[in-house]
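Beneath this line is the structure, given in structure tokens, with notes to follow.
The values are calculated or read from the model by the stated rules, or taken from the named source; none is laboratory data. Values in this document were obtained by computation on a predicted structure and should not be read as measured data. Neighbour counts run over all protein chains shown; Cβ positions are idealised from the backbone, glycine included. Remember, those area values only see protein heavy atoms, side chains included, never the ligands or the DNA or RNA. Shrake-Rupley method; radii C 1.70, N 1.55, O 1.52, S 1.80 Å.
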Amino acid sequence: MEEEAANLRVDGEDEDEQEHDPEQNSLHQPLLRRSPTLTSNPMAMIGAKVSHIESLDYEMYEDDLFMHDWRSRSSVQVFQYVVLKWTLAFLVGLLTGVVASLINLAIENIAGWKMLVVGELVLKERYFTGFAYFTGANLALTLVAAALCVQFAPTAAGPGIPEIKAYLNGVDTPNMFGVPTLIVKIIGSIAAVSAGLDLGKEGPLVHIASCIAYLLGQGGSDKHKLNWRWLRYVKNDRDRRDLITCGASSGVCAAFRSPVGGVLFALEEVASWWRSALLWRTFFSTAVVVVVLRAFMEYCDSGRCGLFGRGGLILFDVSGVIVRYHFMDLLPVAVIGIIGGVLGGLYNHLLHKVLRVYSIINEKGRMAKLLLSLSVSLFTSVCLYTLPFLASCSPCDPSIDAACPTTGQSGNFKQFNCPDGYYNDLASLLHATNDDAVRNIFSTSTPTEFRPLSLLIFFLLYCILGLFTFGIAVPSGLFLPIILMGSAYGRLLALAIGSFTSIDQGLYAVLGAAALMAGSMRMTVSLCVIFLELTNNLSLLPITMLVLLISKTVGDSFNPSIYEIILELKGLPFLDAKPEPWMRNLTVGDLAAAKPTLVCLQGIEKVSKVVEVLKSTLHNGFPVVDQEFPSTAGVPAATTELNGVILRAHLIAVLRKKWFLTGKRRAQDWEIRERFTSEDLAEKASNVDEIVLTEEEKEMYIDLHPFTNNTPYTVVETMSVAKALVLFRELALRHLLIVPKYQGAGISPVVGILTRQDLRAHNIMNAFPNIAKKRGEKGRNHGS
């Protein structure tokens with residue numbers, strides 16, 4: 001191996017001197033000079049907290065205990081397992097619907113009563129008192145949300161969707177789905193949205209539903225959980241992944257009342273692995289959510305829910321609008337898509353810069369996080385309260401059926417500081433809950449309701465607030481701020497076109513919101529269905545599809561999606577589905593040579609050696625080999641056998657139970673089953689330093705064969721990194737063994753072991769710095 005590494009360095013130097021393009025190299029040529037080791041960083045930002053991260057075991061771990069448990073399951077137990085999975089999917093939908101209903105009820109009443117008091121004070125011309133009450137209430141609500149996140153659950157800050165994407169990609173995100181996070185996320189979302197901050201409850205609802213799914217699958221929190229016998233069937237990473245996928249789709253469904261859109265959101269945006277059975281269960285969960293929401297809304301129609309009424313649950317019904325458009329209308333529709341892509345890319349770029357600044361501020365401690373949140377709240381309150389005074393009053397149109405002006409209730413025509421018979425169009429957007437603001441700006445058959453100046457002020461304000469609000473230490477979502485920005489520029493474009501289009505201004509607002517979301521988040525199919533279910537108008541389908549496709553294409557030409565940018569900022573090792581082009585010409589053998597020395601264990605290993613390996617390394621998987629394999633017909637005596645891979649958690653479980661052998665021998669099956677079950681190995685690993693062993697115990701032996709995954713995935717050392725990355729991601733692996741191309745006596749049966757950190761483009765370029773150098777030179781040459 002050392003000779004091979006030396007040859008790699010020499011050949012790499014020759015390649016560097018010849019200035020060959022790394023994307024044109026042959027697989028038979030070693031690629032470029034490398035640094036001594038392929039390194040990785042096990043730390044990442046989870047919510048607003050830096051945590052140590054590991055990978056999840058989505059692979060079927062086929063050791064002797066698992067195979068025995070699988071073979072011994074009766075048809076009744078298999079039926080119980082199936083029933084349990086569907087029951088949990090039902091409970092995820094049920095609880096998500098109930099929690100979402102209560103969140104909406106709380107927000108509408110808290111924010112609604114705040115707006116009522118402010119409206120009355122303004123009508124009485126008590127402007128300073130109104131400002132003091134409005135600002136004080138918003139600061140108090142923001143303080144509640146920020147203090148809870150900073151003090152009790154830092155992982156509850158932000159939307160939570162990037163962490164869910166990472167979890168479903170195979171990255172364990174500590175404390176992301178615990179009980180404190182769930183409680184703080186619920187209370188914090190209510191407080192933050194009620195405070196008038198430019199954020200939505202849609203992202204937090206996805207996180208809340210995922211927390212519910214995780215806790216149901218666990219039977220409770222990590223410390224306090226049910227030991228119900230049935231739950232043992234789903235206490236593994238694979239079934240937990242499926243439940244969290246159901247939770248993510250249920251959260252989107254609860255936010256938008258969009259069951260099909262929720263399923264497609266999980267498929268398109270958050271899930272890295274999918275199958276038909278999971279499709280059915282996610283659809284079942286979202287169907288339950290819709291039934292619960294419908295029942296809740298019917299109950300509240302009678303006025304028993306305070307100010308909630310028909311509001312709160314976003315539904316912008318434009319089914320009564322006849323959508324007529326001609327060929328010439330496709331040009332302004334395409335312009336909306338182009339603007340959405342450009343603005344989406346610009347928004348992602350600027351938000352990236354703001355989040356970097358916020359990360360520096362947040363490093364200064366809890367007080368800095370609180371002051372930042374309160375500062376943003378104060379700025380938001382000042383803008384929301386004072387800017388409507390810049391707008392002139394508009395006379396009410398007697399031909400409109402809606403109440404005008406509206407006082408003491410939600411509506412399109414807020415009286416605010418205007419005399420009777422007049423309304424303030426900017427106050428109708430700024431002095432309303434976010435849901436009501438979207439409902440107002442999406443309103444149809446109101447071509448003269450909003451003035452261009454008011455829409456421009458609203459658009460610019462929410463662009464600024466959208467950049468500076470996201471990233472503070474409160475639960476926040478990106479959906480609604482982007483919808484508000486997009487609908488404003490869509491309606492502005494409709495006013496600019498005027499009579500040259502036959503499409504209603506409210507529908508232009510819908511298209512603008514869809515375009516900006518596609519330009520920033522880069523979703524298409526799920527967004528299309530969500531907006532169709534929101535508006536309840538199938539006639540919008542063709543032009544919505546056109547807008548989304550154009551906007552995503554334009555946005556992709558600038559930068560990645562906003563969630564990919566956040567994943568990179570947080571340092572989460574997310575594996576993308578598409579490998580880099582230069583990975584085709586780099587082999588997994590090159591990566592193995594760039595890694596530190598491989599640590600292997602023998603099939604029957606000394607306890608002291610196992611403890612030493614666990615304490616001296618941070619690896620979570622170790623190849624298990626047998627030296628001096630017994631000679632059989634045609635097998636040389638010196639041949640070594642690769643038994644498979646054993647996990648750190650399983651080694652610690654054996655040490656904790658002190659299952660040791662006095663002699664170096666293979667254990668009998670009955671000895672293993674007497675002390676271990678497959679459930680024992682499903683527990684999370686503890687710290688090896690907590691295990692106390694005597695000197696006599698350290699001299700004993702452990703038979704690792706029963707705990708070794710006998711069927712690990714392996715690749716030959718000549719396979720390209722691009723192909724290995726696709727295999728690793730599609731099969732949701734944690735470890736991938738590299739075996740030699742030539743096997744025989746005296747040759748190790750395993751060359752190396754790959755993890756997700758080894759397959760990240762950033763880490764590979766650090767180990768092979770000339771790759772980055774060549775790519776930079778190629779980019780400059782193309783640019784010139």
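Condition check ((1) open to solvent by 10 Å² or more (accessible area, probe 1.4 Å); (2) touching a strand residue (DSSP E or B) at 6+ places or on another chain (Cβ under 9 Å); (3) more than 22 Å from Leu197 (Cα to Cα)) across all residues:
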site: Leu478; (1), (2), (3): no, yes, no
site: Leu495; (1), (2), (3): yes, no, yes
site: Leu534; (1), (2), (3): no, no, yes
site: Leu540; (1), (2), (3): no, no, yes
site: Met545; (1), (2), (3): yes, no, yes
site: Asp556; (1), (2), (3): yes, no, yes
site: Lys570; (1), (2), (3): yes, yes, yes
site: Ala577; (1), (2), (3): yes, no, yes
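The number of residues in the range 267-307 that are assigned to a helix (DSSP H, G or I), aliphatic (A, V, I, L, M), in contact (Cβ under 8 Å) with a residue 60 or more places away in the chain and within 24 Å of Arg522 (Cβ to Cβ) comes to 2. Of the residues Ser526, Ser499, Ser539, Ser520, the single one that is assigned to a helix (DSSP H, G or I), without any contact (Cβ under 8 Å) to a residue 40 or more places away in the chain and not aliphatic (A, V, I, L, M) is Ser499.
Scanning the range 411-445 for residues that are free of Cβ contacts under 8 Å to residues at least 40 places away in the same chain and open to solvent by 20 Å² or more (accessible area, probe 1.4 Å) turns up Asn412, Pro419, Asp420, Gly421, Tyr422. Within the range 699-718, the set of residues being open to solvent by 10 Å² or more (accessible area, probe 1.4 Å), of a type in the set (Ser, Thr, Tyr) and more than 12 Å from Ala667 (Cβ to Cβ) comprises Thr711, Tyr713, Thr714, Thr718. Per the conditions (1) among the aromatic types (Phe, Trp, Tyr); (2) open to solvent by less than 60 Å² (accessible area, probe 1.4 Å); (3) over 18 Å from the mean Cα position of the chain (by Cα), the sole criterion not satisfied by Phe265 is (3). Residues of the range 748-767 that are among the hydrophobic types (A, V, I, L, M, F, W, C) and without any contact (Cβ under 8 Å) to a residue 40 or more places away in the chain: Met765 alone. For Leu293, indicate whether it is of a type outside the set (Val, Ile, Thr), open to solvent by 20 Å² or more (accessible area, probe 1.4 Å) and modelled with pLDDT under 95. Answer is no for this residue. Looking across the range 737-746, just one residue is without any contact (Cβ under 8 Å) to a residue 40 or more places away in the chain and open to solvent by less than 70 Å² (accessible area, probe 1.4 Å), and that is Pro740.
Exactly one residue out of Leu731, Leu693 is within 27 Å of Tyr58 (Cα to Cα) and either of a type in the set (A, V, I, L, M) or outside the structural domain of Leu647 (by TED's automatic domain parsing) (or both): that is Leu731. The residues of the range 355-395 that are hydroxyl-bearing (Ser, Thr, Tyr), open to solvent by less than 40 Å² (accessible area, probe 1.4 Å) and part of a helix (DSSP H, G or I), listed by number, are Tyr358, Ser373, Ser377, Thr380, Ser381, Tyr385. Scanning the range 424-436 for residues that are modelled with pLDDT of 85 or more and not acidic (Asp, Glu), which turns out farthest from Phe256 (Cα to Cα)? Among those that are modelled with pLDDT of 85 or more and not acidic (Asp, Glu), it is Asn424.
Out of Phe468, Phe458, one residue alone is free of Cβ contacts under 8 Å to residues at least 40 places away in the same chain and outside the structural domain of Glu202 (by TED's automatic domain parsing). It is Phe458.
Taking the numbered list (1) within 30 Å of the chain's Cα centre (by Cα); (2) assigned to a helix (DSSP H, G or I) in turn, Ile472 passes all entries but (2). Hey, among the residues in the range 111-133 that are closer than 17 Å to Ala192 by Cα and out of contact with any Ser or Thr (no Cβ under 6 Å at 6 or more places or on another chain), which one's surrounded by the most Cβ atoms within 10 Å (Cβ to Cβ)? Of everything passing the filter in the range 111-133, Gly112 is surrounded by the most Cβ atoms within 10 Å (Cβ to Cβ). The residues of the range 344-354 that are over 15 Å from Leu465 (Cβ atoms) and open to solvent by 20 Å² or more (accessible area, probe 1.4 Å), listed by number, are Leu346, His349, His352, Lys353. Does Arg257 qualify as being outside the structural domain of Ala682 (by TED's automatic domain parsing), charged (D, E, K, R) and on the phi < 0 side of the Ramachandran plot? For Arg257, the condition - outside the structural domain of Ala682 (by TED's automatic domain parsing), charged (D, E, K, R) and on the phi < 0 side of the Ramachandran plot - is not met. Restricting Ser210, Ser221 to residues that are in the same structural domain as Thr135 (by TED's automatic domain parsing), modelled with pLDDT of 95 or more and among the polar types (S, T, N, Q) narrows the list to Ser210. Exactly one residue among Ala724, Ala772 is closer than 18 Å to Glu580 by Cα, open to solvent by less than 60 Å² (accessible area, probe 1.4 Å) and at pLDDT 90 or above, and that residue is Ala724.
Could you list, in sequence order, the residues of the range 656-679 that are touching a residue at least 40 places away in the same chain (Cβ under 8 Å), open to solvent by less than 50 Å² (accessible area, probe 1.4 Å) and not hydroxyl-bearing (Ser, Thr, Tyr)? Trp659, Phe660, Leu661, Ile672, Phe676, listed by residue number.
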